[in-house]
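Colleague: Following this message is one structure expressed as structure tokens.
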Amino acid sequence: MAGIEPIVKRDKGIWYIKTQRCTRCGKCCMNVPENYTHGRGADGNCQHLKYEANEYLCDLGAKRPYICCVGDGFDDCNIKWEKI
């Protein structure tokens, strides 16, 4: 997963480019469901979400929250897309 991040996407035939990348706030990996695929820690967050050097990182080796590697965040996410 390291080095993987979508920077272009196509939705309903329209292409978008990422104009703002993940700030590693970690919100997308917090308060996950009890049956979360990657496991849930006692704090309710993904068990792989770790706080280091003023940012939240994924200890699976991606060094950013997992959701940012495979998608485009969530409703309150800082990631921004612009139509090409």
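Colleague: Can you give me the number of residues within the stretch 7-35 that are touching a helix residue (DSSP H, G or I) at 6+ places or on another chain (Cβ under 9 Å) and under 15 Å from ASP59 (Cβ atoms)?
Modeller: Count: 2.
Colleague: Taking the residues in the stretch 5-60 that are of a type in the set (Phe, Trp, Tyr) and either part of a strand (DSSP E or B) or under 29 Å from ILE84 (Cβ atoms) (or both) as candidates, determine which candidate is modelled with the lowest pLDDT.
Modeller: TYR56
Here is a yes/no grid of residues against (1) out of contact with any strand residue (DSSP E or B) (no Cβ under 6 Å at 6 or more places or on another chain); (2) touching a residue at least 24 places away in the same chain (Cβ under 8 Å):
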residue: ASP11; (1), (2): yes, no
residue: ILE17; (1), (2): no, yes
residue: THR23; (1), (2): yes, yes
residue: LYS27; (1), (2): yes, yes
residue: PRO33; (1), (2): yes, no
residue: GLY39; (1), (2): yes, no
residue: ASP43; (1), (2): yes, no
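The values are calculated or read from the model by the stated rules, or taken from the named source; none is laboratory data. This is a predicted model, so every value here is computed, not measured. Quick reminder, even Gly has a Cβ in these numbers, built from the backbone with ideal geometry, and neighbours come from all protein chains shown.
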